[in-house]
Amino acid sequence: KKRVVSGVQPTGSIHLGNYLGAIKNWIELQNQYDTLFFIVDLHAITLLYDAQQLSKATKETAAIYLACGVDVSKASVFVQSHVPAHVELMWLLSSATPIGWLNKMIQFKEKSRKAGDENVGVALLTYPVLMASDILLYQSDFVPVGDDQKQHLELTRELAERVNYLYGGRKWKKLGGRGGAIFKVPEPLIPPAGARVMSLTDGLSKMSKSAPSDQSRINLLDPKDVIANKIKRCKTDSFSGLEFDNPERPECNNLLSVYQLVSGKTKQEVAEECKDMNWGAFKPVLTDALIDHLHPIQVRYEEIMSDANYLDTVLAEGARRAAEIADSTLQNVYQAMGFLRQR
Ligand code: TYM
């Protein structure tokens, strides 16, 4: 079976972008592939953060995975820091990562510019190496993510090839340079719609956990009245009718795409249904579709969170399964890189 891995950071609240760009797509993949979904707590400390919130946010993120439909009889769900191999492999990979590759990461440039020099930890720079470890440890074939992770995935692929070239040696050549002597070279899975859900207050910037205004995003756990209010106040335009793919109407394209994904309709159906609508008619339709889609997730979330031990058990089992795979890759890498191993 081919393998799929992905993860979300336990920072802020999980929003519609995280769901439509990533989590929702995991649900179909778990039926077909060997899947591992992790909560990347080690990634959540690269900018100044609240230590008192981290463990709570980690559990909540795990509960959201399950509430969205991740099925633990099919997928392994675990916390990144519970599998120490992630950090160990990161150190080994760091030695093979040219610093120039990291310097040109768009997310690093953007986040470090915003945070200011004093607040930029080394971890913000080396973050993509940890992400590469998350993926390469499991010899993953596919990584379902939103558009903003494309560049990190590209770096992961280049790093896998570089390590295979540097340390794969004869074994690598014997395989004809295909597949992975040490690492499999993974491919991103970026959905045709939903890969870049935009802010409700500005159709040109993406929906994000860190945007200061909560009005700019729909959080998966927003109550009905909050969702209704955010849609009522979201940015629109003064064209007549509604349409996809008009570059002058980024908000319109975004809201129609959201409607398409939460209603389960096709793009053509939505285009047809909405072409003569004005915003006043469309907004209640969108609000209802959002609430209908998110409400069952919220009910399941409350159920999962109300059982104090259930999540702990799930996460322990997930970490155990993950560690088996991860440790075997890690031992291979140590060996290939020439380390003296203990008997
Ligand atoms: P994170 O936590 O920022 O986001 C989690 C997932 O949500 C996607 N996403 C979006 N998709 C569509 N529209 C948006 N507005 C939007 N905002 C976020 C992201 O693309 C991502 O798929 N580095 C990663 C987490 C990570 C990871 C990994 C992912 C760490 N190791 C290994 C896959 C494999 C991150 O910070 O995602």
- Task: Return yes when G121 is closer than 17 Å to A22 by Cα and out of contact with any Asp or Glu (no Cβ under 7 Å at 6 or more places or on another chain) and no when it is not.
- Result: no
- Criterion: among the charged types (D, E, K, R) and in contact with a Phe, Trp or Tyr (Cβ under 7 Å, 6 or more places away or on another chain) - qualifying residue of K230, K267: K267
- Task: Being closer than 27 Å to D225 by Cα and touching a helix residue (DSSP H, G or I) at 6+ places or on another chain (Cβ under 6 Å) narrows it down to one of M277, M337, M305, so name that one.
- Result: M305
- the stretch 126-162: number of residues that are assigned to a helix (DSSP H, G or I), under 22 Å from V77 (Cα atoms) and of a type in the set (D, E): 1
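Each row is one residue, and each column tells you yes or no for (1) among the charged types (D, E, K, R); (2) under 14 Å from F38 (Cα atoms).
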{"site": "S94", "(1), (2)": "no, no"}
{"site": "T97", "(1), (2)": "no, no"}
{"site": "L102", "(1), (2)": "no, no"}
{"site": "K109", "(1), (2)": "yes, no"}
{"site": "R113", "(1), (2)": "yes, no"}
{"site": "L130", "(1), (2)": "no, yes"}
{"site": "V143", "(1), (2)": "no, yes"}
- Query: Does S210 fit the bill of being in a loop (DSSP other than H, G, I, E, B) and hydroxyl-bearing (S, T, Y)?
  - Reply: yes
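Values in this text are rule-based calculations from the coordinates and carry no lab data. None of the values given here were measured: they were computed from a predicted structure. Every residue, glycine among them, receives a Cβ derived from its backbone with ideal geometry; neighbour counts consider all protein chains shown.
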